Amino acid sequence: MGKLLFFTVGMTALLAASLKAGPAVEYKQVAPPPPVDLWGTGFYGAIDMGANLYQNRGDDRTFTNDDLNSHFLGSTLEVSPKNDVGFFGGVKLGYVFGTGIVRPTIEGDFFYNGFRDGAHSTLNEVFSPCPLCECPFCPVQILTTRERDVSTWINSGAFLANFILRFNFGRFQPYAGAGVGGYYAESAGVEITDPITGRTPVNRGGGHNHADLAWDVVGGSDYFFTHNLSAFIEYRFLNYTSTQIDTREDRDLKQHLLGAGVRFFFH
């Protein structure tokens, strides 16, 4: 009888402790973060914009009239090209192959590229009414100087197919590559200004256009916020060729672009 009573009291205590503990706790499974090698793979789209920092239009040049029979013998024309900061912006579509450290990438790059073109010119005119006369009574030379600023705005659109190598270090992925394509450019008219008086004697609307080959060299880096969203900064050396114009001089327009953007991977 004593053993039965002891057993009953023990079972009652255990049951009371179980009821006091409350219902069983449920544990939810949390999905693990994506593997490091899946950051930045597959198809992607991007938008970017930035500054066209410098356009290499060549050094200053001086032209001299050395025609002995000319009334303007000894006159010079000094031309100093302008190199102003422009703007670019566009979209990219591409595909990243593989999941290793080195990832080949193909990319189509479509963008607007606008910048101001022009030059400052100084004409030092030497006028001789009788260039071949040696008599002491001939008129002396007349010296005059004229300055002008010539400017226009260039609107261009470019398409480039780039081959790029990306290097996977998790969230941080630098890259470098090069590509070739074409461009179409049009000038928005010509404006000629007197830098001394500020007058604009010539202001023509509308201008010429030109289409030709283009190529570039790119380098930059992505930083990933999630496995499919990144921000990037990119430098681009861009060259507009002039293969349709046959001259004895280099007429290619070499440009230095720096921009930033966001990239989204579809996986």
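The values are calculated or read from the model by the stated rules, or taken from the named source; none is laboratory data. Computed from a predicted structure; not experimentally measured. So basically every Cβ, Gly included, is an ideal-geometry build from the backbone, and we count neighbours across all protein chains shown.
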ask   = Can you tell me which of THR99, THR122, THR105, THR41 is modelled with pLDDT of 75 or more and over 30 Å from ILE233 (Cα atoms)?
value = THR122
message = For a quick check of your reading of the model, give me the residue pairs whose first member lies in the range 56-72 and is of a type in the set (Gly, Ala, Ser), whose second is at pLDDT 75 or above and assigned to a strand (DSSP E or B), with beta-carbon atoms closer than 9 Å and at least 6 apart or on different chains.
response = GLY58/PRO81
